[in-house]
Each structure stands twice: as structure tokens, then as C-alpha cells.
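Take a look at the structure below.
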Amino acid sequence: METVNKKVVLITGAGSGIGKETALLFARNGARVVVSDINEKDGAAVADLVIKAGGEAIFIKADTSSPADNQNLIEQTIKKFGSLDIAVNNAGIGGPLGATGEYPIDGWQKVIDINLSGVFYGMRYQLPVMKKGSSIVNIASILGSAGTRFSPAYVAAKHGVVGLTKAAALEYAAQGIRINSVGPGYIRTPLVEKALDEPTLKMLEGLHPIGRLGNAPEVAELIYWLASDKASFVTGSYYAVDGGYLAQ
């Protein structure tokens with residue numbers, strides 16, 4: 001069974017955390033990687049890491065909340081590599097915290113624009129250039145299945161990503177294009193460590209039966225499997241990688 005060797009893989013939000021580790025994993029397995037991020041410095045650095053390790057990669061700056069940026073991202077990918085075989089729609093933000101009745105309107109709009117509309121815009125331009133055997137993995141969250149207090153926009157957006165994934169998977173299954181979503185638990189990334197103090201991180205560890213936070217390479221492994229031909233009979237599914245969080 002084929003793997004991802006020589007396949008063209010596009011990853012958004014690939015400048016750090018889960019996106020970065022996913023890009024590096026695909027590159028180690030012979031994929032040609034399109035690294036995309038709104039942070040030009042971090043994204044370009046990841047592409048450089050791939051190239052210095054002997055792989056093929058380009059960096060394309062994009063704001064996933066912009067339809068035009070998503071369209072340009074696909075046009076530049078096709079121009080460089082000639083095809084798109086795998087897309088990982090990973091870019092996202094946490095957004096502000098607040099009770100639903102007091103939640104800032106601009107915060108709601110920004111979270112929905114990036115975390116939900118950004119995934120739709122991505123697929124809107126990815127799917128028309130994909131052929132039989134292609135695959136999309138959308139990064140949702142455990143909060144795409146469960147709720148939590150004071151993050152109404154994030155929870156709504158991630159539930160939306162799970163539903164959007166299912167709808168698109170049904171539409172494109174007959175064309176041989178698989179579409180799945182992944183629900184990470186709380187993952188110890190640079191962004192999370194910067195935003196939260198150590199007592200809060202310890203509290204979050206306690207929410208996971210496995211007794212710790214996840215790490216980005218663990219999530220990348222699941223994304224890789226779902227995107228590869230090894231998951232050839234898997235589509236429309238939502239897979240948690242959460243240390244038992246959702247089993248409670």
C-alpha cells in the first residue's frame with residue numbers, strides 16, 4: 001500500500017505546534033510539503049527545516065480567514081508542485097474567554113472566521129483541484145464533541161468543523177476523496193505554555209485520565225495515518241487524541 005512519498009501536502013497553521021510537527025512528519029516520509037501560516041517568520045523557518053533535512057517544501061503566507069488568501073494558496077501550490085494530494089486544515093485560535101451573555105462580539109466573529117469559516121474556505125478551494133485518492137484532515141478539538149464554560153465561540157466553531165467535515169465527506173466519497181477530522185485534547189504546545197501558568201497547566205493535566213497533557217507529535221501521528229492510504233476506508237469520521245478526556 002502506498003504511503004505519502006512524493007505526495008503534495010498542504011498544512012495551514014504550520015509555523016508551530018501541531019502544524020509544525022505534522023509538516024516535519026510528512027516531510028520525513030517523503031512528502032512534498034506546502035507550509036502555510038500567517039506568521040511569516042515561523043512558517044518560513046519550518047520550510048527551511050524541511051529543506052535542510054533534504055526534503056521538498058515551500059512556505060506560503062496566508063490568513064485562513066480570507067477567501068482570497070485560500071484561493072491564492074491553492075494557486076501557488078499547483079504552480080509549484082502541479083497537484084494537491086493532502087490538505088491539513090489546522091490553523092486556529094483560542095479567542096477570548098467570557099460567558100455567552102457577555103461575550104465580545106468582535107471576539108466571536110474572529111474565532112468563527114478563523115476556526116470555522118477558515119476550514120470551509122480551505123476546502124472550498126482545495127476540493128476542486130483534488131483527484132481520486134486525495135485526503136483532507138480538519139483539526140477540530142475535544143470541544144468539537146464536548147462543551148466547556150466561557151469559550152462559546154471556540155466550542156461552536158469546533159462543533160461546526162466536525163459537522164462540516166461529515167457533510168463534505170458524504171459529498172465527495174463517490175469521487176474517492178476522503179475527509180476526516182481530529183479532536184486533540186489539551187496539547188502542550190509553545191502557544192499553550194505561553195498563555196497559561198504552571199498551576200493552570202497542572203489543573204488541565206488532571207482533566208485527562210492518562211494524567212498528562214498531550215504533545216504535538218502524538219497528534220501528528222494520527223493526522224498522518226488518516227491522511228495516508230493506510231486509512232483508505234476511513235471517511236466522515238471524528239477521531240479524538242485526548243488521553244481519555246472524552247471517555248469520562
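The values are calculated or read from the model by the stated rules, or taken from the named source; none is laboratory data. This one's a predicted model, so the numbers in the text were calculated from it and none came from an experiment. Backbone-built Cβ (ideal geometry, glycine too); neighbour counts: all protein chains shown.
May I ask you to list the residues in region 59-91 that are in contact with a Ser or Thr (Cβ under 8 Å, 6 or more places away or on another chain) and surrounded by fewer than 19 Cβ atoms within 10 Å (Cβ to Cβ)?
Lys61
Under 6 Å between Cβ atoms, which residue pairs at least 6 apart in sequence (or on different chains) link something in region 135-155 that is closer than 20 Å to Gly243 by Cα with a partner that is part of a loop (DSSP other than H, G, I, E, B)?
Between residues of region 135-155 that are closer than 20 Å to Gly243 by Cα and residues that are part of a loop (DSSP other than H, G, I, E, B), the close pairs are Ile139/Asn90; Ile142/Gly185; Ile142/Asp242; Val155/Gly147.
Pick from Ile11, Ile18, Ile86, Ile51: which is touching a Gly at 6+ places or on another chain (Cβ under 7 Å), of a type outside the set (Asp, Glu) and closer than 24 Å to Glu221 by Cβ?
Just one listed residue meets the conditions, Ile11.
Report every pair of residues separated by at least 6 positions or lying on different chains whose Cβ atoms are under 8 Å apart, first residue within region 11-36 and part of a helix (DSSP H, G or I), second surrounded by 24 or more Cβ atoms within 10 Å (Cβ to Cβ) and acidic (Asp, Glu).
Gly19/Asp37
Quick test of your reading of the structure: Ile51 fulfils all but one of (1) in a helix (DSSP H, G or I); (2) in contact with a strand residue (DSSP E or B) (Cβ under 8 Å, 6 or more places away or on another chain); (3) in contact (Cβ under 8 Å) with a residue 24 or more places away in the chain. Name the failing condition by number.
The single condition Ile51 does not satisfy is (3).
State whether the residues of region 35-57 include one that is surrounded by fewer than 23 Cβ atoms within 10 Å (Cβ to Cβ), within 17 Å of Gln126 (Cα to Cα), among the acidic types (Asp, Glu) and modelled with pLDDT of 95 or more.
So far as region 35-57 goes, no, none of its residues is surrounded by fewer than 23 Cβ atoms within 10 Å (Cβ to Cβ), within 17 Å of Gln126 (Cα to Cα), among the acidic types (Asp, Glu) and modelled with pLDDT of 95 or more.
Out of curiosity, is Leu213 surrounded by 15 or more Cβ atoms within 10 Å (Cβ to Cβ) and either of a type in the set (S, T, N, Q) or within 20 Å of Thr12 (Cβ to Cβ) (or both)?
Criteria not met by Leu213.
Within region 102-132, take every residue that is in contact with a Gly (Cβ under 7 Å, 6 or more places away or on another chain) and assigned to a helix (DSSP H, G or I) and give me the one that is farthest from Tyr224 (Cα to Cα).
Looking at residues that are in contact with a Gly (Cβ under 7 Å, 6 or more places away or on another chain) and assigned to a helix (DSSP H, G or I), I get Gly107.
Output the residue which, of all residues in region 18-32 that are within 21 Å of Thr189 (Cα to Cα) and among the aliphatic types (A, V, I, L, M), is surrounded by the fewest Cβ atoms within 10 Å (Cβ to Cβ).
So, considering only residues that are within 21 Å of Thr189 (Cα to Cα) and among the aliphatic types (A, V, I, L, M), the one surrounded by the fewest Cβ atoms within 10 Å (Cβ to Cβ) is Leu25.
Which of the residues spanning region 60-76 are of a type outside the set (Gly, Ala, Ser), more than 10 Å from Gln126 (Cα to Cα) and touching a strand residue (DSSP E or B) at 6+ places or on another chain (Cβ under 9 Å)?
Hits for region 60-76 are Ile60, Lys61, Thr64, Asp69, Asn72, Gln76.
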